[in-house]
Amino acid sequence: QVQLVESGGGLVQAGDSLRLSCTASGHTFSNYAMGWFRQAPGKEREFVAGIHRARGITKYLDSVKGRFTISRDYPKNTVYLQMNSLKPEDSAVYYCALTPFGTTWDAAGMPYWGKGTLVTVSS
(Lines give C-alpha, C1' and ligand atoms only; values in the text may rest on other atoms or scores of the structure.)
Protein backbone atom coordinates (compact mmCIF):
# COMPACT_ATOMS: atom_id res chain seq x y z
CA GLN A 1 0.00 0.00 0.00
CA VAL A 2 1.46 3.30 -1.09
CA GLN A 3 1.78 5.85 1.69
CA LEU A 4 2.76 9.48 1.41
CA VAL A 5 3.55 11.44 4.54
CA GLU A 6 3.97 15.21 4.43
CA SER A 7 5.59 17.41 7.02
CA GLY A 8 6.90 20.93 7.42
CA GLY A 9 3.79 23.08 7.35
CA GLY A 10 3.18 25.84 9.84
CA LEU A 11 2.33 29.46 10.52
CA VAL A 12 4.73 32.03 9.13
CA GLN A 13 4.75 35.69 8.21
CA ALA A 14 4.77 37.07 4.70
CA GLY A 15 8.27 36.95 3.27
CA ASP A 16 9.32 33.96 5.36
CA SER A 17 10.34 30.53 4.12
CA LEU A 18 9.20 26.98 4.75
CA ARG A 19 10.35 23.60 3.51
CA LEU A 20 7.83 20.84 3.04
CA SER A 21 8.83 17.20 2.90
CA CYS A 22 7.00 14.19 1.52
CA THR A 23 8.24 10.65 2.02
CA ALA A 24 6.82 7.79 -0.01
CA SER A 25 6.72 4.18 1.14
CA GLY A 26 5.03 0.89 0.33
CA HIS A 27 5.67 0.87 -3.40
CA THR A 28 8.08 -0.73 -5.83
CA PHE A 29 7.72 1.64 -8.74
CA SER A 30 10.98 2.02 -10.59
CA ASN A 31 9.94 5.30 -12.08
CA TYR A 32 7.35 7.77 -10.95
CA ALA A 33 6.52 11.42 -10.60
CA MET A 34 5.75 13.26 -7.40
CA GLY A 35 4.19 16.62 -6.98
CA TRP A 36 2.72 19.16 -4.62
CA PHE A 37 -0.82 20.46 -4.84
CA ARG A 38 -2.61 22.90 -2.59
CA GLN A 39 -6.15 23.68 -1.65
CA ALA A 40 -7.34 26.85 0.02
CA PRO A 41 -10.77 27.09 1.68
CA GLY A 42 -13.51 27.39 -0.91
CA LYS A 43 -11.15 26.77 -3.80
CA GLU A 44 -10.30 23.82 -5.99
CA ARG A 45 -7.13 21.85 -5.48
CA GLU A 46 -4.40 23.23 -7.72
CA PHE A 47 -1.05 21.99 -8.93
CA VAL A 48 1.95 23.76 -7.41
CA ALA A 49 5.10 21.88 -8.43
CA GLY A 50 6.09 18.47 -9.73
CA ILE A 51 9.19 16.45 -10.47
CA HIS A 52 9.92 13.25 -12.35
CA ARG A 53 12.04 10.88 -10.30
CA ALA A 54 14.31 9.59 -13.02
CA ARG A 55 14.68 12.58 -15.33
CA GLY A 56 14.39 15.25 -12.68
CA ILE A 57 12.23 17.37 -14.94
CA THR A 58 10.30 19.94 -12.96
CA LYS A 59 7.18 21.97 -13.54
CA TYR A 60 5.73 24.85 -11.54
CA LEU A 61 2.59 26.88 -11.19
CA ASP A 62 3.32 30.27 -12.71
CA SER A 63 2.61 32.16 -9.51
CA VAL A 64 5.28 30.26 -7.57
CA LYS A 65 8.05 30.29 -10.18
CA GLY A 66 11.18 31.86 -8.76
CA ARG A 67 9.93 31.45 -5.19
CA PHE A 68 9.36 27.69 -4.81
CA THR A 69 11.78 24.90 -5.64
CA ILE A 70 10.96 21.21 -5.79
CA SER A 71 13.71 18.64 -5.33
CA ARG A 72 14.08 14.92 -4.66
CA ASP A 73 16.24 12.59 -2.62
CA TYR A 74 16.38 9.15 -4.24
CA PRO A 75 17.62 7.05 -1.32
CA LYS A 76 15.08 8.55 1.03
CA ASN A 77 12.16 8.41 -1.45
CA THR A 78 11.51 11.97 -0.42
CA VAL A 79 10.47 15.08 -2.28
CA TYR A 80 10.91 18.56 -0.89
CA LEU A 81 9.24 21.86 -1.61
CA GLN A 82 11.32 24.85 -0.60
CA MET A 83 9.02 27.84 -0.37
CA ASN A 84 10.59 31.28 -0.16
CA SER A 85 9.09 34.76 -0.11
CA LEU A 86 5.79 33.36 1.03
CA LYS A 87 2.66 35.40 0.48
CA PRO A 88 -0.72 35.27 2.24
CA GLU A 89 -2.22 33.85 -0.96
CA ASP A 90 0.06 30.82 -0.57
CA SER A 91 -1.93 29.81 2.50
CA ALA A 92 -3.53 26.42 1.94
CA VAL A 93 -3.35 22.76 2.79
CA TYR A 94 -0.47 21.35 0.77
CA TYR A 95 -0.80 17.80 -0.49
CA CYS A 96 1.83 15.48 -1.85
CA ALA A 97 0.86 13.19 -4.72
CA LEU A 98 2.53 10.36 -6.62
CA THR A 99 1.89 8.64 -9.91
CA PRO A 100 3.75 5.79 -11.61
CA PHE A 101 2.16 6.82 -14.90
CA GLY A 102 2.71 9.69 -17.27
CA THR A 103 1.12 12.83 -15.98
CA THR A 104 0.00 16.28 -17.02
CA TRP A 105 -0.18 17.22 -13.34
CA ASP A 106 -3.96 17.17 -13.28
CA ALA A 107 -5.09 16.43 -9.73
CA ALA A 108 -7.77 14.05 -10.99
CA GLY A 109 -5.10 11.88 -12.58
CA MET A 110 -2.94 11.39 -9.49
CA PRO A 111 -3.69 8.01 -7.88
CA TYR A 112 -1.85 8.41 -4.57
CA TRP A 113 -2.16 11.23 -2.06
CA GLY A 114 -0.90 12.23 1.34
CA LYS A 115 -3.15 13.68 4.02
CA GLY A 116 -1.80 17.19 3.66
CA THR A 117 0.02 19.76 5.75
CA LEU A 118 -1.31 23.21 6.53
CA VAL A 119 0.60 26.31 5.53
CA THR A 120 -0.64 29.63 6.85
CA VAL A 121 1.04 32.89 5.84
CA SER A 122 0.07 35.97 7.80
CA SER A 123 0.35 39.46 6.36
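The values are calculated or read from the model by the stated rules, or taken from the named source; none is laboratory data. In this text the structure is predicted, and so the values were computed from the model without any measurement. Every residue, glycine among them, receives a Cβ derived from its backbone with ideal geometry; neighbour counts consider all protein chains shown. Accessible surface is based on the protein model in full, side chains and every heavy atom, while ligands, DNA and RNA are left aside. Shrake-Rupley method; radii C 1.70, N 1.55, O 1.52, S 1.80 Å.
Could you tell me which trypsin sites (Lys or Arg not before Pro) in the range 30-80 are loop residues by DSSP with no more than 10 other beta carbons within 10 angstrom of their beta carbon?
LYS43, ARG55
Any idea of the accessible area per residue across the chain, 1.4 Å probe, to the nearest Å²?
Details: 6490 Å² over 123 residues.
I get 53 Å² per residue for the chain.
In straight Cα distance, which lysines are under 22 Å from LYS65, not counting same-chain residues fewer than 8 positions off?
LYS43, LYS87
Within 10 Å of each candidate Cβ there may be at most 12 other Cβ atoms; applying that plus a DSSP loop requirement, which GluC sites (Glu not before Pro) in the range 5-87 survive? Working shown, then result.
Values: sites: GLU6, GLU44, GLU46; in loops: GLU44.
Sites meeting the loop and neighbour criteria: GLU44.
Using every pair of alpha-carbon atoms in the range 30-123, split the distances into 10 Å bins beginning at 0 and state the percent of pairs per bin, rounded to integers.
P(r) for the range 30-123, in whole percents per bin: 16, 52, 28, 4, 0.
Treating only the Cβ of Lys, Arg, Asp and Glu as charged (+1, +1, -1, -1), what charge dipole size does the range 13-77 show about its Cα centre? Round to the nearest 20 debye.
140
Sort 111-117, 81-87 for me by packing, meaning the mean count of neighbouring Cβ atoms within 10 Å per residue, highest on top.
Numbers: 111-117: 17.0, 81-87: 18.7.
Top of the packing list down: 81-87, 111-117.
Ignoring ligands, DNA and RNA, please state the percent of accessible area on the range 1-92 from carbon and sulfur, probe 1.4 Å. Mind showing how you got there, number by number?
On the way: 2250 of 4920 Å².
That fraction is 46 percent.
Given points 7 Å out from each Cα along the Cα-Cβ axis, report the ARG19 to ALA54 separation in nanometres with one decimal.
My value for the distance between the label points is 2.8 nm.
Residue separation times 0.36 nm, minus the C-alpha to C-alpha distance between LYS87 and SER7: what's the value? Could you put the intermediate results ahead of the total?
On the way: separation 80, 0.36 × 80 = 28.80 nm, distance 1.94 nm.
Roughly 26.9 nm would be gained on extension.
Taking loop as defined by DSSP and a crowding limit of 14 other beta carbons within 10 Å, which chymotrypsin sites (Phe, Trp or Tyr not before Pro) in the range 64-108 fit?
Numbers: sites: PHE68, TYR80, TYR94, TYR95, PHE101, TRP105; in loops: PHE101, TRP105.
Sparse-neighbourhood loop chymotrypsin sites (Phe, Trp or Tyr not before Pro): PHE101.
Hey, with R₀ at 30 Å, roughly what FRET efficiency would ARG67 and ASP106 work out to, going by the Cβ-Cβ distance, to 0.05? Working shown, then result.
Working: r = 23 Å, r/R0 = 0.76.
So, using R0 = 30 Å, E works out to roughly 0.85.
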